[in-house]
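S.K.: Below is the structure I would like to discuss, written out as structure tokens.
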Amino acid sequence: MEKIKIGIVGLGKLGWKHAENIAHKIPHAELIAACSATEEKIEKAKKELGITYGYTNYEKMVQNPEIDAIAIISPSKYHYEHIELALKNGKHIFCEKPLALTLEECEKIEKLVKEYPHLYFMLGFMRRFDESYAYAKQKIDEGLIGKPFMIRCYGLDPIDLVDVAIPFAKTSGGLYLDMMIHDIDLARWYLQSEGKTAYALGGCYVRDEFAQYNDIDNGVALIEFDNGSIGMFYAGRTCAHGYHIETEIIGTKGSLRIGTTPDKNMTSIFNENGVVKECCSSFLERFEQAYFNEVNYFINCLIHKERPSVKVSDGVLSTKIAYACQKSLDEKSIITI
Ligand SMILES: NC(=O)c1ccc[n+]([C@@H]2O[C@H](COP(=O)([O-])OP(=O)(O)OC[C@H]3O[C@@H](n4cnc5c(N)ncnc54)[C@H](O)[C@@H]3O)[C@@H](O)[C@H]2O)c1
């Protein structure tokens, strides 16, 4: 069977996970190249992932004619540049969220992608590939809860990782664009509607250091969608009990909840602390299977020549909403999107 040859850029927290999946787990993919800012990571990738080509210069990697597709897992501030160079060099693209750090860049990317219709582009909104979220979508589409008109989302990172989150905030785009964007994408997907108005509130309640990057550690947003449905969102970076991702979708005939308590697994520990359910610790643990599923799906799209379902427009439209939230926070007013 044909194998799609991949070059990956960014071998950090998530990049390494994707690289491992592509190198060792995805049947029809072969990781042949990697680009990192540091030589050590390249050497590690040669040893542990068996890559043939290592680069510290991204432009050189995308010029390699053996590579079919690029996985862009670099810091978000590079996404625009990395997408543009990949397209210009004839590569299909899987790119991590967010699409880019400004709305102008997102719109330029959308235009560029349209100029290369023979190249496939997919954005990594991995929750759509999580078994529970995909199951909920199927049940909603089957009409089990009637017409959905409200969504409530919690997206909370653990306090244990806050010291990593502070320097990351410098180039992340902020809480709304970097974190809440996952929930915003889910809301668009489940409610089948686009954002109309946004109102956001938040602040640095636990760690003041986020303020130096014009960021916050906990924030909420209330979003009205074009079809009249409502979204209530809470994102935070200081969750005491672990990584807590919870979603509720409310419809005219019922509701659905995903991840009501963020259990690590089905084990309950009965001891001097009472009945203890351990909590999921990070995004890599909670969405491990989804990260595999989304790239495996992308590879299958390339093999079967089917356009991926998560499109560049999903990145643009979600970013528009996330930006309105940030603007609302900054201006302390309701923003029309
Ligand atoms: N879908 C998700 O759930 C999810 C989760 C985490 C991160 N992300 C996204 O993935 C991307 C990477 O995040 P991360 O957490 O792995 O970041 P990270 O900071 O851990 O890793 C980034 C890596 O890129 C390298 N790098 C920096 N500049 C580079 C360049 N010009 N060329 C090549 N490599 C370069 C750095 O050395 C680092 O190893 C971000 O866009 C982030 O938003 C998505």
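S.K.: Here is a list: Val164, Val113. Which entry is among the β-branched types (Val, Ile, Thr) and farther than 17 Å from Asp215 by Cβ?
M.R.: Val113
S.K.: Does the range 189-199 include one or more residues that are in contact (Cβ under 8 Å) with a residue 24 or more places away in the chain, within 13 Å of the ligand (Cβ to nearest atom), of a type outside the set (Val, Ile, Thr) and buried (at least 23 other Cβ atoms within 10 Å of the Cβ)?
M.R.: Within the range 189-199, not a single residue is in contact (Cβ under 8 Å) with a residue 24 or more places away in the chain, within 13 Å of the ligand (Cβ to nearest atom), of a type outside the set (Val, Ile, Thr) and buried (at least 23 other Cβ atoms within 10 Å of the Cβ).
S.K.: Out of Tyr116, Tyr133, I need the residue that is of a type in the set (Phe, Trp, Tyr) and in contact (Cβ under 8 Å) with a residue 60 or more places away in the chain. Which one?
M.R.: Tyr133
S.K.: Taking the conditions exactly as written (under 20 Å from Phe283 (Cα atoms) and more than 11 Å from the ligand (Cβ to nearest atom)), does Lys25 satisfy them or not?
M.R.: Against the criterion (under 20 Å from Phe283 (Cα atoms) and more than 11 Å from the ligand (Cβ to nearest atom)), Lys25 qualifies.
S.K.: Considering only residues that are among the small types (Gly, Ala, Ser) and near the ligand (Cβ under 9 Å from one of its atoms), look in the range 35-56 and name the one that is surrounded by the most Cβ atoms within 10 Å (Cβ to Cβ). Before you say what the answer is, go through the steps one by one.
M.R.: In the first step, residues of the range 35-56 are kept if they are among the small types (Gly, Ala, Ser); the result is 36-37, 45, 50, 54.
Right, trim to near the ligand (Cβ under 9 Å from one of its atoms) and you get 36-37.
Numbers: Ser36: 24, Ala37: 15.
Filtering the range 35-56 for residues that are among the small types (Gly, Ala, Ser) and near the ligand (Cβ under 9 Å from one of its atoms), the one surrounded by the most Cβ atoms within 10 Å (Cβ to Cβ) comes out as Ser36.
S.K.: Select from the range 245-266 the residues that are touching a Cys at 6+ places or on another chain (Cβ under 6 Å) and in a loop (DSSP other than H, G, I, E, B) and write down the one among them that is farthest from Tyr133 (Cα to Cα).
M.R.: Only one residue fits best here, namely Lys264.
S.K.: Has the range 241-258 got at least one residue that is more than 16 Å from the ligand (Cβ to nearest atom), loosely packed, with under 12 Cβ neighbours inside 10 Å and without any contact (Cβ under 8 Å) to a residue 12 or more places away in the chain?
M.R.: No, the range 241-258 contains no residue that is more than 16 Å from the ligand (Cβ to nearest atom), loosely packed, with under 12 Cβ neighbours inside 10 Å and without any contact (Cβ under 8 Å) to a residue 12 or more places away in the chain.
S.K.: From the list Leu329, Leu284, Leu302, pick out the single residue that is more than 22 Å from Lys13 (Cβ to Cβ), of a type outside the set (Val, Ile, Thr) and in contact with a helix residue (DSSP H, G or I) (Cβ under 8 Å, 6 or more places away or on another chain).
M.R.: Leu329
S.K.: Something else about it: Looking only at the range 294-337, count how many residues are of a type in the set (Asp, Glu), assigned to a helix (DSSP H, G or I) and over 18 Å from the mean Cα position of the chain (by Cα).
M.R.: 2
S.K.: Between Gly173, Gly231, which is within 19 Å of the chain's Cα centre (by Cα) and modelled with pLDDT under 95?
M.R.: Gly173
S.K.: When you scan the range 1-120 for helices (runs of 4 or more DSSP H) that lie fully inside it, which ones turn up with 1 or more residues that are among the hydroxyl-bearing types (Ser, Thr, Tyr) and more than 17 Å from Val316 (Cα to Cα)?
M.R.: Because the criterion is at least 1 residues that are among the hydroxyl-bearing types (Ser, Thr, Tyr) and more than 17 Å from Val316 (Cα to Cα), the helices (runs of 4 or more DSSP H) in the range 1-120 that meet it are 58-62.
S.K.: Please tell me if Thr319 is within 16 Å of the ligand (Cβ to nearest atom) and either farther than 30 Å from Ala211 by Cα or surrounded by 14 or more Cβ atoms within 10 Å (Cβ to Cβ) (or both).
M.R.: Yes: the conditions hold for Thr319.
S.K.: Related question: Please specify each residue of the range 146-168 satisfying the condition of being touching a helix residue (DSSP H, G or I) at 6+ places or on another chain (Cβ under 7 Å) and away from the ligand (no atom under 11 Å from the Cβ).
M.R.: Pro148, Ile151, Cys153, Ile166
S.K.: Could I ask something else about it? Please go through the range 4-22 and give me each residue that is under 18 Å from Ile67 (Cβ atoms) and either at pLDDT below 95 or within 16 Å of the ligand (Cβ to nearest atom) (or both), ordered by number. Spell out the reasoning first.
M.R.: Restricting attention to the range 4-22, the residues satisfying the condition of being under 18 Å from Ile67 (Cβ atoms) are 4-11, 15, 18-19, 21-22.
Residues satisfying the conditions are Ile6, Gly7, Ile8, Val9, Gly10, Leu11, Gly15, His18, Ala19, Asn21, Ile22.
The values are calculated or read from the model by the stated rules, or taken from the named source; none is laboratory data. What you are looking at is a predicted structure, and each value in this text was computed from that prediction instead of being measured. Every residue, glycine as well, gets a Cβ built from its backbone with ideal geometry; the counts of neighbours run over all protein chains shown.
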